[in-house]
Amino acid sequence: MDLGTAATGEHLVGATVLVPLGACEQHGAHLGLATDSVVARAVCEQVALRLADRAPQRRVVVAPTLEYGASGEHEGFAGTVSIGTEALRLVVVELVRSVRLWCGPVVLVTGHGGNAEAVASATRRLRWEGHDVAWTSCAEPGWDAHAGRAETSLALAVAPGSVRPDLAVAGALDPLPELLPRLRAGGVAAVTPTGVLGDPRGASADEGREHLAALAARVTAQVLAGDVDEHGRLVRPEAAGVPG
C-alpha cells in the first residue's frame, strides 16, 4: 500500500511503515539526480510485496520518499542539493515520532550512503525513546560505490528513461578504502572529475532486475528477523544466520 495515496482509516493503525530515504545529487552525466530516491522507493515497494506474500497478516505501507539527504560530498557538482547531516537527523526524528502515533514498526531504507550517519544517530535516539524503528541501506558488498555498473543497472531496471548510456564513462576505479582520505578531505570532485566511482559501462536492465530482487530479498529477511546492531541498523541475514 502506498501511504501517499491511502485514505485515513483503521487499516493504517499498527501497520509496518517502510520509509525510502534518497538524495538529490550528481550521478555522473548518465544518471538522474534522483537516482538514490528512485532506487530506495523501488526496493521498498518490492519489500512490501514480499512481506505480503510471506507474512500476509502483516499490514505494510510505503511512505512518500524523503527526496533530500546529506550529500555534502557531492556539492562540487551542479544539481546537487544537500540538507546536511544534522538537518536530516532532525527530519528523521520528527518524521518517526509523528508516524509512530498510529503505526507499528518503522523501517528506514536509505538509497544514499551519505545518509547513514544521520539515520543511525536518529535511530539510536528514537529507540532510546522507546520507538520500534530500525534502518538498512541499499548498498551491497562488491558493488562499485557511486554511479557505477550496479547503480546504473538498477536505474535501467526501475527508471530507464532517466539513464543516458551514451554518456556513461568510467570514473575513479581505486578501491573505496584507498579513496576515502581524499573523499573526506575534498569530496567526490577531489577524486574524479566525472563524479563516478566505478565503471558504469556494461550495465544492463537484466542485471538491474537481479540486483533489485537480491536487495528486496535481503531487506525482507532483515525486516522479518528484526535483529539490529547498536546503531539500530538491521543485521544482514548472513550475519544473523538467517537464510536470505
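Restricting the first residue to the stretch 25-48 and requiring it to be under 18 Å from residue 68 (Cβ atoms), which pairs with a second residue that is at pLDDT 95 or above and basic (Lys, Arg) meet a Cβ separation below 6 Å and a spacing of at least six or different chains?
Listed by first residue and then by second, the contacts come to nothing, as the list is empty.
So in the stretch 79-126, with the set limited to residues that are of a type in the set (Gly, Ala, Ser) and free of Cβ contacts under 8 Å to residues at least 40 places away in the same chain, which one is least open to solvent (accessible area, probe 1.4 Å)? Show your work before the answer.
So the first thing to find is which residues in the stretch 79-126 are of a type in the set (Gly, Ala, Ser), and the list is 79, 82, 84, 87, 98, 104, 111, 113-114, 116, 118, 120-122.
Applying the additional criterion that residues be free of Cβ contacts under 8 Å to residues at least 40 places away in the same chain yields 84, 87, 98, 113, 116, 121-122.
Values: 84: 22, 87: 39, 98: 67, 113: 64, 116: 29, 121: 35, 122: 0 Å².
My answer is 122.
Checking residue 53 against (1) charged (D, E, K, R); (2) more than 22 Å from residue 131 (Cβ to Cβ); (3) in contact (Cβ under 8 Å) with a residue 40 or more places away in the chain, which single condition isn't satisfied?
Unmet condition: (3).
Looking for something under 22 Å from residue 110 (Cα atoms), modelled with pLDDT of 95 or more and open to solvent by less than 50 Å² (accessible area, probe 1.4 Å) - is there at least one such residue anywhere in the stretch 179-188?
No, the stretch 179-188 contains no residue that is under 22 Å from residue 110 (Cα atoms), modelled with pLDDT of 95 or more and open to solvent by less than 50 Å² (accessible area, probe 1.4 Å).
Sort through 63, 55, 70 and tell me the only one that's open to solvent by less than 20 Å² (accessible area, probe 1.4 Å) and modelled with pLDDT under 95.
Working: 63 fails: modelled with pLDDT under 95; 70 fails: modelled with pLDDT under 95.
None of the others qualify; the one that does is 55.
Within the stretch 153-244, which helices (runs of 4 or more DSSP H) (wholly inside it) include 2 or more residues that are of a type outside the set (A, V, I, L, M) and out of contact with any Lys or Arg (no Cβ under 9 Å at 6 or more places or on another chain)?
On the way: elements: 176-186, 205-225, 237-240.
Output list reads 176-186, 205-225.
The values are calculated or read from the model by the stated rules, or taken from the named source; none is laboratory data. Quantities reported herein were computed from a predicted structural model and do not represent experimental measurements. Neighbour counts are summed over all protein chains in view; Cβ atoms, including those assigned to glycine, are modelled from backbone coordinates with ideal geometry. For the accessible areas, the whole protein counts, side chains as well, though only heavy atoms, and no ligand, DNA or RNA atoms are used. Shrake-Rupley method; radii C 1.70, N 1.55, O 1.52, S 1.80 Å.
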